[in-house]
Each structure stands twice: as C-alpha cells, then as structure tokens.
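Data first, discussion second: the structure below is written as structure tokens.
Nothing in this text is a laboratory measurement; each read-out follows from the coordinates by a stated rule. Note that the structure is a prediction, hence the values are computed from the model and not measured. So basically every Cβ, Gly included, is an ideal-geometry build from the backbone, and we count neighbours across all protein chains shown.
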C-alpha cells in the first residue's frame, strides 16, 4: 500500500492500541486515535504519538459508529478495542455489546466508508488449550467470556466483510507484554513485586504460554497493512511459537530486576478451575506470509518494561481498572 495513509486505530488508549498507533506514526502514517470519551490518551502521550483524536464508542448505535468512521475517512482500520481483557470484568451484556455488536457495526461502517483494509485483532483465547502448537485452522473452543465473545466477533467480522466486499484479515496475538501494560497483568505485577520486595503468592506456575513483546505485534500489524498480498478473509497467529512456563517468565522478570525472586511464593495458590494449561502458537503462517517473527528477546523486553516502572512513576488513578481497551 502507498504510505503515508490514514489509519484509524480503535482502542488507541489501550495497551496494544497505543503501541500500534506509535508504530504506524513512526512509519509515516497519519494516525486517527479512536476511543470513547473518558478512555484516556495518556499511553499515547507517554509514547510521544502525534495523533488526531476520533471519538468512537463501540457501545454506541450503528449509525453513530458509521458517522464517526465516515468522518475519519480511513484507508485502514486496526481494530484493537475490546471488553474483558482483564478477567475481572465479566459483564455479559457489556462483553456482547462491545466485542460482538460493536465489531459488527464497525465492519459495516468500514465497508460503507470504503476503507481499503481492516485488521481485526482477535485473541489466542478464541482457541481452547492444546498440548501442541495451535495453528489457524484449529476450531474455536473458548472457555472464557472474553474468548467466547471475541470468537463470535471474529466470525461476524469475517462473514460481514466477505458479504460486503471488504478486505479484512484477523490477527490473533498470544500472550503480550511490554511497557504501559495494566499493572494487574502478570509481567508488570511480578516486576513490581520483585522491585519492591513484596511477598506475592502464585500458583505453581506450570502453565505453558507463548509470550511476545507488544512492539513485535505492532510491527506485524504494520507489515500486514503494507503487504501487497493482503490475506483477506484469513486468520494469522502472532506468537513466538516458543513455549515458556509462567514460573520461568516470573524468574525472567526477577532476573531483570536483579533481586526479589525470593518474594515470589510459587505454589501458594491453586490453579483456577478453568485454567488452560497450554496455549502456544504455531507461528509459521506469519513467517511465511509476512516475513514476521517475534524478534525481541525476553530479557530485553523485560528491561524495556522495567524502564517504565523504575523509578516509580505517577499513573492515572484508574490505571489497571478500565474494562474496555478504548
């Protein structure tokens, strides 16, 4: 695709959305930062992203969403906004309205506005747990409200786009970490605990996960946007393909801090009843189609996160508690 062009990033105030906006801005795109009123843009400010604000609330009516997209005139939409990334938020109506209905309205609006391409950001939690790397042709088997509504949104997005002649592709990031992640998430929580020497009770940490640095995911979205062979109607996993236990991830965090590992009490908590013990990506398709691989080493990624936590900084009062990544 020709650059610079106009990209509308939904959930631009959220963790992934802010990094996506940053990567596109550095590549010369005009960034339209879409979010609901009160969603906040402090992450964009911390990353130094110059963006045009666009008020777009996924819980609004289809007509309001269509008007916002039409006025923005995007060449590309990267749809990062979602409800329930934080497992504490379990409102069924809010999840359906944001993740499913909001996505459906957005895709219809994109087709109506003749946006060239749409990248819908799904999640690895649309899959079920598996004892082998998960490829894109695996059937959805979500176990959580978040995964269920995101899987429904993926089906709605793909079906609606196909019926309206809209070029839409789905990316499914696996475990992401990086600077400015909500402090309720595992990596920043462990880094803070080690830095402060705070006793933290954890499970045994035997869960196998696939963690990828958020900047690498943002890079994949840019490559997908600019590729001549856009995989419309397809799903692409974004993961490292390299399994790591939660305990090993925690130990890597402690190593980045340089102390505090003895404050992590492994095995003090039971696994959750619905715990998925293995979720790891088959990342071959992204490598083949985009020439993309997760490239940030874990120790380097941890140091980058720590740089935003050390010394302690002042964060918004609602940091870590916003239910919707907008």
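Annotations
- Peptide packing: for 228-236, 60-68, 182-190, the average count of neighbouring Cβ atoms within 10 Å per residue gives the ranking 182-190, 60-68, 228-236, highest mean first.
- Nearest-ten-degree value, helix 15-26 long axis tilted from longest Cα axis of the chain: 60 degrees
- Share antiparallel - DSSP beta bridges, the chain, percent rounded to 5: 10 percent
- Each eigenvalue of the Cα gyration tensor of region 101-202, multiplied by 5 and square-rooted, gives one semi-axis; in descending order these are 34, 17, 11 Å.
- Estimated Rh, region 55-134: Kirkwood, alpha-carbon pairs, angstrom: 13.8 Å
- At the listed q of 0.07, 0.08, 0.09 Å⁻¹, the Debye profile of the chain, built from one uniform point per Cα, gives log10 I(q)/I(0) equal to -0.26, -0.34, -0.43.
- For the chain, the longest principal axis of the Cα atoms and the long axis of helix 145-164 meet at an angle of about 20 degrees.
- By the Stokes-Einstein formula, at 1.306 mPa s and 10 °C, region 225-275 with its Kirkwood radius over alpha-carbon pairs has D equal to 106 µm²/s.
- Label-point separation in nm, residue 229 to residue 201, each point 7 Å along Cα→Cβ: 5.3 nm
- Gain on full stretching of the segment that runs from residue 89 to residue 303 - 0.36 nm per residue minus C-alpha separation: 74.1 nm
- For region 178-218, the Kirkwood radius over C-alpha pairs fed into Stokes-Einstein at 4 °C and 1.567 mPa s yields D = 109 µm² per second.
- Evaluated at q = 0.09, 0.12 Å⁻¹: base-10 log I(q)/I(0), Debye formula over Cα of region 137-277: -0.37, -0.62
- C-alpha long axis of helix 214-226 to longest principal axis of the chain, angle in °: 20 degrees
- Inter-centroid distance (Cα atoms) of region 38-76 relative to region 91-121, Å: 13 Å
- Computed over region 1-89, the percent of Cα pairs more than 19 Å apart is 34.
- Point-to-point label distance, residue 248-residue 185, nm (Cα→Cβ direction, 7 Å offset): 2.1 nm
- Diffusion coefficient (Stokes-Einstein, Kirkwood radius over C-alpha pairs, 25 °C, 0.890 mPa s) for region 1-157: 154 µm²/s, rounded to a whole number.
- Volume per residue that the Cα convex hull of region 40-90 spans, once the total is divided by residue count, Å³: 114 Å³
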